[in-house]
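Working notes, structure below.
The values are calculated or read from the model by the stated rules, or taken from the named source; none is laboratory data. Keep in mind that this is a model prediction, so the values were computed, not measured. Neighbour counts run over all protein chains shown; Cβ positions are idealised from the backbone, glycine included.
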Amino acid sequence: MEYGETFSQSCQREVEEETGLVVQSVRFICPKNIIFNEAQKHFVALFFAAECLQDDPIPVTQEPDKSEGWHWATWAEMRARKYAPLFGILDELVDEYPSEPWLMAAPCTS
C-alpha cells in the first residue's frame, strides 16, 4: 500500500499497474498469512474481488520481471488446478473456498 491509500484505492492501483485493467466496486474477501520460517518473515496478503470497467478486458503483463502473464480462469478451473501450479497463497485460498468467494465478499469501505 502507498501512504494514505485505502484498501480499495490500493487494490485499484495495483490491478492497473500489474494488468492495465481498471476496476471498481472493490470487495474484501479475506486475509491470508504468508510465513517464511527460515527467514523469520511474516506477511499478510489481502484478497479482494472487483468489477472490471472494460467491456472486453484483456490483462496485459505490465511487470514482466514480476509475472509471466495473466489470463482469466473460472473458479471451477482453479479448483481443478487446470492452470497449476497456482501461486502458493492462491492455492490455499482455492482450497478454503469451495465456491466463488466474491459472492459473499463485503464492500470495501476503507
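General observations
- Counted residues, the range 66-86 - those being out of contact with any Asp or Glu (no Cβ under 7 Å at 6 or more places or on another chain) and either within 22 Å of V23 (Cα to Cα) or assigned to a helix (DSSP H, G or I) (or both): 12
- Pairs with Cβ under 8 Å, 6+ apart, first in the range 18-43 and within 15 Å of S8 (Cα to Cα), second in a strand (DSSP E or B) and among the β-branched types (V, I, T): P31/V44
- Annotation note: Cβ proximity below 7 Å between a residue of the range 93-110 that is closer than 18 Å to A76 by Cβ and free of Cβ contacts under 8 Å to residues at least 24 places away in the same chain and a residue that is outside any loop (DSSP other than H, G, I, E, B) and basic (K, R) (sequence gap 6+ or interchain) occurs for V94/R79.
- Options L21, L93: the member that is of a type in the set (A, V, I, L, M), at pLDDT 95 or above and in contact with a strand residue (DSSP E or B) (Cβ under 9 Å, 6 or more places away or on another chain): L21
- Taking the range 28-47 as the range and being surrounded by 11 or more Cβ atoms within 10 Å (Cβ to Cβ) and either in contact with an Asp or Glu (Cβ under 9 Å, 6 or more places away or on another chain) or not in a strand (DSSP E or B) (or both) as the test, the residues that pass are C30, K32.
- Cross-chain or 6+ apart pairs with Cβ under 8 Å, the range 53-64 first and in a loop (DSSP other than H, G, I, E, B), then at pLDDT below 90 and acidic (D, E): T61/E68
- Boolean, Q54 is at pLDDT 90 or above and of a type outside the set (G, A, S): no
- Condition met for F87 (at pLDDT 90 or above and either touching a strand residue (DSSP E or B) at 6+ places or on another chain (Cβ under 9 Å) or within 24 Å of F7 (Cα to Cα) (or both)): no
- Per-region count, the range 1-17, residues more than 14 Å from A49 (Cβ to Cβ), part of a helix (DSSP H, G or I) and either in contact (Cβ under 8 Å) with a residue 24 or more places away in the chain or of a type in the set (D, E, K, R) (or both): 3
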